[in-house]
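Values quoted throughout were computed directly from the atomic coordinates according to the rules given, and no laboratory measurement underlies them. Note that the structure is predicted; figures quoted are calculated from it, not measured. Cβ placement follows ideal geometry from the backbone for every residue including glycine, while neighbour counts extend to all protein chains displayed.
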Amino acid sequence: MSHIELRHLRYFIAVADELHFGRAAERLHISQPPLSQQIQALEAHVGAALFYRSNRTVRLTQAGVAFLHEARQILQRVEEASEQAARIHRGESGNLTLGLTSSAPFLRRVSRTLHRFRLTYPDVNIRIEQLNSKQQIDPLLEGKLDLGIMRNGDLPPQLAHQLIWSEPLIAVVHKDNPLNDLAAGELTFQHLADQPFVFFSKDVGTSLYDDILDQLKAQGITPYITQEVGEPLTIIGLVAAGLGVSILPASYLRIQVDGVRYLRFGNMQGTTELWLVNHAERPMTAATRAFMELMMEEDGV
């Protein structure tokens, strides 16, 4: 025998448990002569007698006692490794790295999916990276992110996307702004044309920056941007301070700040999309596939 195989360990453990070659052979569903030959070969490879044998008894030698402990440990580790691999294959274990744009957690569809995934696959380690939409592209291409939840925008051909939700845009204004006096459904982009505008900095490179400005441009509007910041929560805070108005996705309605009012545009003017993005050419783990399936099963915002 050139090396020890797992079956030899199982044969040895069976004989050690039974202390009888005949009963061990029955337990293993093999005949006794091949079992005896395999134990002899194992002892030759180990270089030590593992059993004392007589016409009436079989018992472990001191070397056999020590070998038995290690043999059981080895088989247990192999079984644990096999089970772990199987759980990863089924999506029940492993890792999932998810990119989230800042507004994503405010969508119930996203938060419900995260909650359901945690309950269904408690042994999967979820790592969340908060990145704006453009910042997620390189990590997705490099395999550092398994999935990205981002706003609509230009994607390289290697990345595929599915629509999670299409939501309206809303105006963010101070509570004393005269725009609050407009009747429901009257507000348009044009009402914001001459208002001081609080918005994302171009250097931040968010997809919302391009998306919203493009929609305003399509209406012939170039907003008068007086304050540029990096985070939507900062935008809301500056509006609360009376420094201007802004436009954000409706998911931010869930953030209530004193002094701020959220106004809906009429005629479904202005929308933005949230996408679930993956690398189309890279093999997908079972955990990643399971998360995608749960996400696409969810209904509503």
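Neighbours of residue 127 by Cβ distance under 12 Å: Lys/Arg scored +1, Asp/Glu scored -1, total -1. Just need the relative contact order of the chain here, percent rounded to a whole number, with Cα pairs under 8 Å and 6+ apart. Rounded, it is 22 percent for the chain.
Taking GluC sites (Glu not before Pro) across segment 1-40, the ones in a DSSP loop with at most 16 further Cβ atoms lying within 10 angstrom of their Cβ are 5.
What you get for the chain, charging only the Cβ of Lys and Arg (+1) and of Asp and Glu (-1), is a dipole of about 1380 debye around the Cα centre. When DSSP beta bridges are restricted to pairs lying wholly in the chain, around 60% turn out antiparallel. Share of pairwise Cα-Cα distances greater than 18 Å in segment 72-142 is 55 percent (whole percent). Modelled label positions at residue 86 and residue 175, each set 7 Å beyond Cα in the direction of Cβ, lie 6.1 nm from each other.
When only alpha carbons are used to place a centre, segment 114-169 and segment 171-201 end up 31 Å from one another. Taking the inverse of the mean 1/r over every pair of distinct Cα atoms in segment 165-273 gives a Kirkwood hydrodynamic radius of 13.7 Å.
Note the angle between two axes, namely the Cα long axis of helix 108-120 and the longest principal axis of the Cα atoms of the chain, as a number of degrees from 0 to 90, rounded to the nearest 10. So the helix axis and the longest Cα principal axis differ by about 10 degrees. The alpha carbons of segment 6-89 give a radius of gyration and a Dmax of 14.0, 50 Å, in that order.
The relative contact order of segment 72-156, computed from alpha carbon pairs under 8 Å that lie at least 6 residues apart in sequence, is 36 percent. Mean projection of the Cα convex hull over all viewing directions, computed for the chain: 23.1 nm².
Ranking 9, 45, 25 by Cα position along the charge dipole of segment 6-89, where only Lys, Arg, Asp and Glu carry charges on their C-beta atoms, puts 25 farthest toward the positive end.
In this structure, residue 36 and residue 76 have a Cβ-Cβ separation that, at R0 = 22 Å, corresponds to a calculated FRET efficiency of about 0.30.
Taking every DSSP helix (H) stretch of at least 4 residues in the chain, weighting each as -39,500 (n - 2.57) and dividing the sum by the residue count yields a mean residue ellipticity at 222 nm of -12500 deg cm²/dmol. Ordering 295, 150, 284 from the fewest to the most neighbouring beta carbons within 10 Å gives 284, 295, 150. Only the Cβ atoms of Lys and Arg (+1) and of Asp and Glu (-1) were treated as charged; on that basis the dipole of segment 90-233 about its Cα centre amounts to roughly 620 debye.
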